[in-house]
Amino acid sequence: NLGTVTSCFWDSDVNPDVNGVGNTSDPNVVGKTTTEMMKESTFTDANWDFVEVWDIGENQTYPFLRVYPAGDLNHDGIVNFINVVILALHWFEGTEP
């Protein structure tokens, strides 16, 4: 099966020896630093859809699909103590998160 890969990235800080797909270099598969991988502009410049498909916790996470993980009440891509606080506030107010 052959296919076309476009606008694909990997973290070159984590995997500095990777140079593309398999043993070859591909101009559509590009290494980016961890900092770049956590910036929306890296992906919007490559025409990724951050309106309907993707989201990112700017400077905190890699891109993730907009289907949020259970418990991620503030939709930052991270389930942490902040989400517990949000849940508690809604519980005290008797509202839905």
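The values are calculated or read from the model by the stated rules, or taken from the named source; none is laboratory data. Bear in mind that the values here come from a model prediction, so they are computed numbers and not experimental data. Please note: Cβ atoms are built from the backbone with ideal geometry, for glycine as well, and neighbour counts cover all protein chains shown.
All conditions but one from (1) at pLDDT below 90; (2) surrounded by 11 or more Cβ atoms within 10 Å (Cβ to Cβ); (3) aliphatic (A, V, I, L, M) apply to Leu65; the one that does not is (2). Residues being more than 30 Å from Glu96 (Cβ to Cβ), in a loop (DSSP other than H, G, I, E, B) and of a type in the set (D, E, K, R) are represented in the stretch 33-54 by at least one member. Checked against (1) in contact with a strand residue (DSSP E or B) (Cβ under 8 Å, 6 or more places away or on another chain); (2) in a loop (DSSP other than H, G, I, E, B); (3) within 24 Å of Trp10 (Cβ to Cβ), Asn59 meets all criteria but (1).
Just a yes or no: is a residue in the stretch 23-37 within 12 Å of the chain's Cα centre (by Cα), among the small types (Gly, Ala, Ser) and at pLDDT 85 or above? No; the residues of the stretch 23-37 include none that is within 12 Å of the chain's Cα centre (by Cα), among the small types (Gly, Ala, Ser) and at pLDDT 85 or above. Under 9 Å by Cβ, and 6 or more places apart or on different chains, what pairs join a residue from the stretch 82-97 that is at pLDDT 90 or above with one that is surrounded by fewer than 12 Cβ atoms within 10 Å (Cβ to Cβ)? From the stretch 82-97, the pairs are Leu89/Thr95.
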